[in-house]
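The values are calculated or read from the model by the stated rules, or taken from the named source; none is laboratory data. Since the structure is predicted, the reported quantities are computational estimates derived from the model, not experimental observations. Methodologically, a virtual Cβ is constructed for each residue, glycine included, from the backbone with ideal geometry; neighbour enumeration extends over all protein chains shown.
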Amino acid sequence: MPDPDQVPGSGEDAAAAASAAAAALRRATSSTGRQRSPRRRRLGTAGDPQTLGQAIDDLVGERGWTQESAVAVMFGQWDQVVGASLAEHVAPESFDEGVLVLRADSTAWATQVRLLLADLHRAVDAVVGSGTVRSIRVIGPQAPSWVSGPRRVKGRGPRDTYG
């Protein structure tokens, strides 16, 4: 019977051949360039698709648009924020640098809203968050301009007869 060390494919020759084949396979499949950086994953996701609402909320948060988004929601739901009767006569006109500008239908409604500013400010803060709206400015209706032509007579002009 032949010696087991002498039989081809057995013993030390087989182990050396397997080791050489494994090393060749590693060299062939490994990248020769730089190591791949692991993909960045968002916290809380497992690679599953997100809902559209969640993706938009993530985008708004990443871009720092939460304050602007809250103000836009308040503009869209104005009648729910202040009530239907007040929303019929007073509408938000603009928001810039913490100042909310409201336009009233008449000077009487503008005066009434100015008296209710504390309550109105609390209602707005409940929707957009405290500190987003620093002040509220109420303006009356836009009266037509009676100035026409190159000359103008000085004086008080027409009074508030439009509301």
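The set of residues in segment 74-84 that are surrounded by fewer than 13 Cβ atoms within 10 Å (Cβ to Cβ) and either among the aliphatic types (A, V, I, L, M) or touching a Leu at 6+ places or on another chain (Cβ under 9 Å) (or both) contains only ALA84. Taking the criterion of being closer than 14 Å to MET74 by Cα, surrounded by fewer than 18 Cβ atoms within 10 Å (Cβ to Cβ) and touching a residue at least 40 places away in the same chain (Cβ under 8 Å), would at least one residue in segment 109-123 satisfy it? Yes, because at least one residue in segment 109-123 is closer than 14 Å to MET74 by Cα, surrounded by fewer than 18 Cβ atoms within 10 Å (Cβ to Cβ) and touching a residue at least 40 places away in the same chain (Cβ under 8 Å).
Within segment 59-82, can one find any residue that is at pLDDT below 90, among the aliphatic types (A, V, I, L, M) and over 19 Å from ARG122 (Cα atoms)? The answer is yes; a qualifying residue exists. When the residues of segment 98-138 are filtered to those that are in a strand (DSSP E or B) and of a type in the set (Lys, Arg), which remaining residue is nearest to GLN67 (Cα to Cα)? So the residue we want is ARG137. Does segment 79-97 contain at least one residue that is hydrophobic (A, V, I, L, M, F, W, C) and assigned to a loop (DSSP other than H, G, I, E, B)? No, segment 79-97 has no match at all.
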